[in-house]
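What follows is one structure encoded as structure tokens, with my remarks underneath.
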Amino acid sequence: MPRSPALAVTEPDDPQVRAVVQRYLRAFEAADVPELVRLLAEDAVLEMPPVPLWYRGSGDYGRFMERVFDLRGTGWAMRALTANGQPALAAYAPQSGGGHRAHTLQVLTVTAGLVARNVVFADPRVFDVFGLPREIPPGEFRPGR
């Protein structure tokens, strides 16, 4: 049975949305692709403007995330925020010498308890717009926030 989200977008302060975003955050930090896929609508979309990258479907989304984690490793740092009225996550990639470096800002659309869309911005200048640091020094990251 397809897991297709309802048409109405739930407000980001909705407890169910916050719970989904927190589960997604923890799964991303752990590079847990099976858990990320469980949190996706079957027809979830991942896009990365202005890069011509666009995936539709939880399977393709999951395969893309496997590649990201294979290339960048595990132990990511995430920060939850709101962007344009929607839940968002700032993703920091682990660095070989310790600490984390700004990687992407992800704006999520959560409907019917699942992530239906993730619009990913890879330009590190977007972190400046949100007043976020571009680097997290070793020892300063606290998982799950």
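The values are calculated or read from the model by the stated rules, or taken from the named source; none is laboratory data. These numbers were taken from a predicted model, which means no experiment stands behind them. A quick note on method: Cβ atoms are made from the backbone with ideal geometry, for glycine too, and the neighbour counts reach across all protein chains shown.
Can you tell me how many residues in the stretch 15-42 are of a type outside the set (A, V, I, L, M, F, W, C) and either at positive phi or outside any helix (DSSP H, G or I) (or both)?
Going through the stretch 15-42 one residue at a time, the tally reaches 2.
Anything in the stretch 43-88 that is loosely packed, with under 14 Cβ neighbours inside 10 Å, in a helix (DSSP H, G or I) and of a type in the set (A, V, I, L, M)? List them, or say none.
71
Could you check residue 13 against (1) modelled with pLDDT of 95 or more; (2) more than 16 Å from residue 118 (Cβ to Cβ); (3) surrounded by fewer than 17 Cβ atoms within 10 Å (Cβ to Cβ); (4) not aliphatic (A, V, I, L, M) and say which number it fails?
(1)
Quick check on my filter: what residues within the stretch 71-102 are out of contact with any strand residue (DSSP E or B) (no Cβ under 7 Å at 6 or more places or on another chain) and either of a type in the set (Gly, Ala, Ser) or modelled with pLDDT of 95 or more (or both)?
Once the filter is applied, which keeps residues that are out of contact with any strand residue (DSSP E or B) (no Cβ under 7 Å at 6 or more places or on another chain) and either of a type in the set (Gly, Ala, Ser) or modelled with pLDDT of 95 or more (or both), the stretch 71-102 yields 85, 96, 97, 98.
Can you spot a residue in the stretch 40-49 that is at pLDDT 95 or above and within 11 Å of residue 113 (Cα to Cα)?
Within the stretch 40-49 (the criterion being at pLDDT 95 or above and within 11 Å of residue 113 (Cα to Cα)), the answer is yes, since at least one residue qualifies.
Anything in the stretch 89-102 that is assigned to a strand (DSSP E or B) and either charged (D, E, K, R) or in contact with a Pro (Cβ under 8 Å, 6 or more places away or on another chain) (or both)? List them, or say none. Step through it out loud before you land on a result.
So in the stretch 89-102, the residues assigned to a strand (DSSP E or B) come out as 89-94, 100-102.
100, 101, 102 - these are the residues of the stretch 89-102 that are assigned to a strand (DSSP E or B) and either charged (D, E, K, R) or in contact with a Pro (Cβ under 8 Å, 6 or more places away or on another chain) (or both).
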